[in-house]
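Working notes, beginning with the structure itself.
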Amino acid sequence: MTTATVSRWDRFRESFVWYSFKRDKVAIISFLVLLLMVLAAIFAPLLAPANPYDLAQINIMNSEMPPVGLDGADPAFPLGTDAQGRDLLSTILYGTRVSLMIGFGAVLLQAVLGILFGLMAGYLGGKVDAILMRIADVQLSFSTLMVAIIVGAVFKASFGNLMFGEIAIYMLIFIIGIAEWPQIARTVRASVLAEKKKEYVEAARVMGFGTRRIMFRHILPNTLSPIFVIATVQIANAIISEAALSFLGLGMPETQPSLGSLIKSGFDYIQSGSWWITLIPGLVLVVLVLVINLLGDWLRDVMNPRLYKG
Amino acid sequence: MALLEVKDLDVRFAVRGGDLTALRGISFSLDKGERLGLVGESGAGKSVAAFSILNLIAMPGYIAGGQILYKGRDLAAMSERELRKIRGNRIAMIFQDPMMTLNPVLTIGTQMVEAIQAHRKISRKDARAIALDRLQKVQIPSPGKRLDQYPHELSGGMRQRVIIAIALLLDPEIIIADEPTTALDVTIQAEIMDLLLDLCEQENVALMLITHDLGVVSQVTQRMLVMYSGRIIEQGPTREIINDAQHPYTQGLINALPQMGEPGQRLFQIPGSMPSLKNVPTGCPFHPRCSFATDQCTRMMPEYVRSGNVDVACYEVANLIEQERRMQEAES
Amino acid sequence: MTSPLVSIRGLEKRFDLSGNLLEQITFKGGRLRRKQEAVHAINGVDLEVQKGEALCVVGESGCGKSTVARTVMGLLSPSAGEIHYGGQRIDNLEGKASLPYRRKMQMIFQNPYASLNPRMTIQQTLEEPIRFHHPDWSTPQVRDKIHEVMHSVGIDLDWGSRFGHEFSGGQRQRIAIARALAVDPEFIVADEPISALDVSIQAQVLNLLMDAQESRGLTYLFITHDLAVVEHFGTRVAVMYLGRVCELADTKTLFATPRHPYTQALLSAIPKLEDDRPNHIRLNGEVPTPVNLPSGCVFHGRCPYANERCRREVPALITTDGGTQVACHAVEEGRL
């Protein structure tokens, strides 16, 4: 098996993707920044000086301390503290983790739904197509916020505030995943429609292969490039959606803050001079979304088949 | 002096990992009213040759050397502005796909009038009259009506007729036709070819016909060039080459045609396929597929030798000629 | 005469252009009308393919030749008519019942650049059909079969781990042929298998198809627009025009004595090496669209011999003295 993996690695190194990546400084920097943030988020429990979830480590006396370099800073809190006295650096690390989890989780859910429905609509066509795409239209005509407000209210009412904190992250993944799957489904459907006219699909039908085998083994792998591109952009969108929901108080509770809820919690203190509680997580959010979008743009250019063939 | 003379033309493509040579040392000439065929398989560089004559090669392609002399003026060294005066005016081009020339959102008449007014100061009415005249020349049914139609309202054969009419608008001296009938059905193809031939003869226009179809070349042209892997390997009078090809590749190409084979028997076949530009073999590019290839062929590109009225780039042919000369010497 | 391997009976195929009911309704002259339009791709075709022969179907674009191929292979379902294979009706079979015919009947496509799955290696492309149709075969058995077909189409065993896009058009077409041969078919529909290839490669692929026919006893339904290929390859030829067969004959007979005016024009339009000028029979006009079929003989608009009867009455295929079957009033009346 090692020979196969080696040749695959070689193939990747000779590929156009790798070639254009090497030459694109923006892509390299974006990728490195994203990698750094993802690693920091994954290893947050090891990297963070404090555990913001642990109430025992929090001292209210430390609240609203400024970052190092400003008057009244404490070197124990390099980025300062928030209104509850939590170390901002640790909170941001944990918050990035939550934001990324929601981003990836929501897109995973979107992808599963979107690919399944998109494949079925595109390949089976006719009534299946009409019904699935009308469902998608209806879904898109609800805004994510509206869905979140309703679902959030139902969740809060039925589980109570304490329990809600525990399941908020899954709820957000569910809401954003459900609200945005039509984006992926439409992309998949469009590329399936293009692929299914090609002769290799007819060749598979002539062989007598079943519908499911043709859909998943033959067509799906050939629609992955556009899915990959849109999924990248959708991760950024999901992170923003989550931040917006949290900012409105419909997302993560302040006990387990995401970047969005951190921004929100600091927002009340901007007037009193504690600008860092909002600004620093805000910057982290902007950088995170920006690098993902830049990578998405680069991927779209690379995977554009017209450029690719050359 | 020849109307068009191409001398030692080199065209390269700048791609990652260095330049690819698309055309190497292309030399040929075209006289007034002459019909020249450019034959080759896909990847031989025949379309690149056609495009580079009008200096239409777009990046990453560029002309790396040589001259394209039109009435003694070098098109390769000309400014874009001067070139524009010649393109479409003195030298017209016909593409395989009519929609490359026709704009789908403008009527045929508008496009033809614009093409005339781009080169001549002339009233709209007069331009329209010229357009109508050219449409009549290409024997399109109800030409007056066509002026106000859009390209999509015409059939493929009619579109190609319109393209020929557009090419004729400004009484060009040369028409370069790149596979003008490949996309058409056999019966329509025959009609379009017939028309093109008649018009060139009537108007004394020189025709450079780029095609892969040896039958068409035989019917239409007086001289032909055979291209392989960016080089001209054989050129001379069409009849002479078709009847008695010298280069092993040309021979193979002719003998591989189904009409040359015995029905039901295996066809003659050239093994392998044309190398891609990325890995052109050293020496004669045809040597890996050639049954006469010797050590010499793998090392050096053969020079042209003359056999009858045909120029051939092949060591085997050169050796045969040399042998013949020696035998004649020995006899006398 | 033995019973044919494949018989196509009264085949018709229409493609609906008018969409759903809402799209069909138009408002014209102050009232709502329902307007239905269809492309009449095939209008009553009867053909029989004898075991071991290569039946060529020739015609220009839009004549329905590819639709015949796709309908025979079950890629399209006929609007009317039947397809029989070895005496068994197959156009209405579904699922498991159709599987044996999926193995016995294979297809080679026109565009070698689209007929291989870009994400599959050559090995996977060849292996999947074999494993699918022979789930009981052991791995060495499958491997031997793959090697056998790769060898017989002249492709290198090392190519297995590579992808389709790494090969030239001719090599891809060989791979596509290997895929078709991998399941040991008896009957192959070849839909313009060489028209996307270069001249020197066409000869290679034609030779390969002929070798395979000889060594495996294959029967071909060969779809092409190129009459020169037909003369070389075909046992019998059916000439199609606008969804109908206008002439059907042995290859030799057809090329020596074409009867139908359309066949004559088609033959004269082949550019031949010995010609110094185009010399073809001129036809009037162009092929009408198959949306609104002309009445009577579909060819009458372009036919130099058409008369009143041709405009009214559809000619039936009649057998002439030479054994040619031809659908033409002029031939029937002895005018031609």
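The values are calculated or read from the model by the stated rules, or taken from the named source; none is laboratory data. Note that the structure is a prediction, hence the values are computed from the model and not measured. Cβ sites come from the backbone with ideal geometry, for glycine too, and all protein chains shown count toward neighbours.
Please specify each residue of region B:201-230 satisfying the condition of being more than 12 Å from every other protein chain (Cβ to nearest Cβ), more than 14 Å from the chain's Cα centre (by Cα) and in contact (Cβ under 8 Å) with a residue 12 or more places away in the chain.
B:GLU203, B:ASN204, B:VAL205, B:SER229
Any residue that is surrounded by 18 or more Cβ atoms within 10 Å (Cβ to Cβ) and on the phi > 0 side of the Ramachandran plot - is there at least one of those in region B:225-232?
yes
In the list B:GLY17, B:GLY33, B:GLY43, B:GLY37, which residue meets the criterion of being closer than 21 Å to B:ILE174 by Cα and within 14 Å of another protein chain (Cβ to nearest Cβ)?
None of the others qualify; the one that does is B:GLY37.
Can you find even one residue in region A:157-168 that is buried (at least 21 other Cβ atoms within 10 Å of the Cβ), among the aliphatic types (A, V, I, L, M) and touching a Leu at 6+ places or on another chain (Cβ under 9 Å)?
No, the conditions are met nowhere in region A:157-168.
Look at region C:127-158 and say how many of its residues are closer than 23 Å to B:LYS278 by Cα and more than 14 Å from chain B (Cβ to nearest Cβ).
Qualifying residue count for the region: 1.
Can you confirm whether region B:189-202 contains a residue that is surrounded by fewer than 20 Cβ atoms within 10 Å (Cβ to Cβ) and either in contact with a Pro (Cβ under 9 Å, 6 or more places away or on another chain) or of a type in the set (Gly, Ala, Ser) (or both)?
Checked against the condition, which is being surrounded by fewer than 20 Cβ atoms within 10 Å (Cβ to Cβ) and either in contact with a Pro (Cβ under 9 Å, 6 or more places away or on another chain) or of a type in the set (Gly, Ala, Ser) (or both), region B:189-202 yields at least one hit.
Take B:PRO285 and decide whether it is at negative phi, at pLDDT 90 or above, in contact with a Lys or Arg (Cβ under 9 Å, 6 or more places away or on another chain) and in a loop (DSSP other than H, G, I, E, B).
Yes; evaluated as a whole, the condition is true for this residue.
Got at least one residue in region C:259-270 being crowded, with 21+ Cβ neighbours inside 10 Å, small (Gly, Ala, Ser), in a loop (DSSP other than H, G, I, E, B) and over 20 Å from the mean Cα position of the chain (by Cα)?
Looking for residues that are crowded, with 21+ Cβ neighbours inside 10 Å, small (Gly, Ala, Ser), in a loop (DSSP other than H, G, I, E, B) and over 20 Å from the mean Cα position of the chain (by Cα), one finds at least one in region C:259-270, hence yes.
Select from region C:316-332 the residues that are without any contact (Cβ under 8 Å) to a residue 40 or more places away in the chain and closer than 19 Å to C:VAL45 by Cα and write down the one among them that is surrounded by the most Cβ atoms within 10 Å (Cβ to Cβ).
Top of the filtered list is C:HIS329.
Does B:GLY272 qualify as being farther than 24 Å from B:LEU23 by Cβ and either of a type in the set (Ser, Thr, Tyr) or not in a helix (DSSP H, G or I) (or both)?
Against the criterion (farther than 24 Å from B:LEU23 by Cβ and either of a type in the set (Ser, Thr, Tyr) or not in a helix (DSSP H, G or I) (or both)), B:GLY272 does not qualify.
Given the criterion within 19 Å of A:ALA179 (Cα to Cα) and crowded, with 16+ Cβ neighbours inside 10 Å, identify the matching residue among A:LEU93, A:LEU108, A:LEU113.
Selected residue: A:LEU113, the only one of A:LEU93, A:LEU108, A:LEU113 that is within 19 Å of A:ALA179 (Cα to Cα) and crowded, with 16+ Cβ neighbours inside 10 Å.
Considering B:ALA58, B:ALA44, B:ALA64, which residue is crowded, with 21+ Cβ neighbours inside 10 Å and either closer than 24 Å to B:GLU234 by Cα or in the same structural domain as B:PRO172 (by TED's automatic domain parsing) (or both)?
Result: B:ALA44 is the single residue among B:ALA58, B:ALA44, B:ALA64 that is crowded, with 21+ Cβ neighbours inside 10 Å and either closer than 24 Å to B:GLU234 by Cα or in the same structural domain as B:PRO172 (by TED's automatic domain parsing) (or both).
Could you check region A:215-242 and list, in sequence order, the residues that are more than 10 Å from chain C (Cβ to nearest Cβ) and over 19 Å from A:MET303 (Cβ atoms)?
A:MET215, A:PHE216, A:ALA238, A:ILE239, A:ILE240, A:SER241, A:GLU242
Going by what's in this entry, would B:ASN103 be described as surrounded by fewer than 19 Cβ atoms within 10 Å (Cβ to Cβ), in contact (Cβ under 8 Å) with a residue 12 or more places away in the chain, touching a His at 6+ places or on another chain (Cβ under 6 Å) and more than 14 Å from chain C (Cβ to nearest Cβ)?
Judged against the criteria, B:ASN103 is not a match.
Just wondering, is there one or more residues in region C:304-317 that are within 14 Å of another protein chain (Cβ to nearest Cβ) and modelled with pLDDT under 90?
Yes, some residue in region C:304-317 is within 14 Å of another protein chain (Cβ to nearest Cβ) and modelled with pLDDT under 90.
So which helices (runs of 4 or more DSSP H) are wholly in region B:80-182 and hold at least 1 residues that are touching a strand residue (DSSP E or B) at 6+ places or on another chain (Cβ under 7 Å)?
Fully inside region B:80-182 and qualifying: B:80-86, B:156-168.
Which residues, counting only those in region B:281-303, are within 14 Å of chain C (Cβ to nearest Cβ) and either more than 19 Å from C:VAL199 (Cα to Cα) or among the polar types (S, T, N, Q) (or both)?
B:SER291
When you scan region C:273-283, do you find a residue that is within 11 Å of another protein chain (Cβ to nearest Cβ), assigned to a helix (DSSP H, G or I) and buried (at least 21 other Cβ atoms within 10 Å of the Cβ), even just one?
For region C:273-283, residues within 11 Å of another protein chain (Cβ to nearest Cβ), assigned to a helix (DSSP H, G or I) and buried (at least 21 other Cβ atoms within 10 Å of the Cβ): absent.
Go through region C:209-239 and give me each residue that's in a helix (DSSP H, G or I) and facing chain B (nearest Cβ under 9 Å).
C:MET210, C:ASP211, C:LEU227, C:ALA228, C:VAL229, C:VAL230, C:GLU231, C:HIS232, C:PHE233, listed by residue number.
Kindly indicate which of A:GLY208, A:GLY165, A:GLY251 is more than 19 Å from the chain's Cα centre (by Cα) and farther than 30 Å from C:SER98 by Cα.
Sole residue among the options that is more than 19 Å from the chain's Cα centre (by Cα) and farther than 30 Å from C:SER98 by Cα: A:GLY165.
Please list, ordered by residue number, the helices (runs of 4 or more DSSP H) wholly in region A:218-310 having 2 or more residues that are among the β-branched types (Val, Ile, Thr) and in contact (Cβ under 8 Å) with a residue 40 or more places away in the chain.
Once the helices (runs of 4 or more DSSP H) in region A:218-310 are filtered for at least 2 residues that are among the β-branched types (Val, Ile, Thr) and in contact (Cβ under 8 Å) with a residue 40 or more places away in the chain, what remains is A:224-247, A:276-303.
Could you pull out every one of the helices (runs of 4 or more DSSP H) wholly within region C:58-143 that has 1 or more residues that are touching a residue at least 60 places away in the same chain (Cβ under 8 Å)?
C:65-72, C:99-104
Quick check on my filter: what residues within region B:288-324 are assigned to a helix (DSSP H, G or I) and loosely packed, with under 13 Cβ neighbours inside 10 Å?
Selection gives B:ASP295, B:ARG299, B:GLU322, B:GLN323, B:GLU324.
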